[in-house]
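Colleague: Attaching a single structure in structure tokens format; questions to follow.
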Amino acid sequence: MTFRSHMDIAMDEARAAAARGEVPVGAVLVAPDGKVIARAGNRTRELNDPTAHAEMLAIREACARLGAERLPDHDLYVTLEPCPMCAAAIGFARIRRLYYGASDPKSGGVGQGPRVFSHSQCHHVPEVYDGIGGEDASALLREFFAARR
């Protein structure tokens, strides 16, 4: 099977989140056959829910759609490095691979900060690939926050 990035779909979700006034982060969950199972953008403000990050929403949607609590052999594409909460959920969901775009030195939980997957309490560690579409994701975030300052 040839690698195909689904980051373009995640970026579409991030742009839609920005248009709603949400921090522009998008996520896409992909099945082993390459089909998109779920996609989401941040909705914390819209839903008045601090857990409504793109990753969490995509994981919830995929689990509901598949009738399963775990997503082994599934891949997650997200435009920004997941925070510690989302990284923990990714581990609990047993996601096979995590691809993320921009690093998040302030709030990241994978390559920055607490590095959730490096702890012995972490029951599952996905394969992690960073920097996929990172320049575009970083630019979108910079533009979003510059417009609010």
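The values are calculated or read from the model by the stated rules, or taken from the named source; none is laboratory data. Since this is a predicted model, take the numbers as computed values, not measurements. All Cβ positions, glycine included, derive from the backbone under ideal geometry; neighbour counts span all protein chains shown.
Colleague: Given the conditions (1) part of a strand (DSSP E or B); (2) at pLDDT below 95; (3) of a type outside the set (Phe, Trp, Tyr), report the number of the one that Arg4 does not fulfil.
Modeller: Here Arg4 clears every test but (1).
Colleague: Among the residues that make up region 6-26, is at least one of them more than 27 Å from Ala146 (Cβ to Cβ), among the aliphatic types (A, V, I, L, M) and out of contact with any strand residue (DSSP E or B) (no Cβ under 8 Å at 6 or more places or on another chain)?
Modeller: Checked region 6-26: no residue is more than 27 Å from Ala146 (Cβ to Cβ), among the aliphatic types (A, V, I, L, M) and out of contact with any strand residue (DSSP E or B) (no Cβ under 8 Å at 6 or more places or on another chain).
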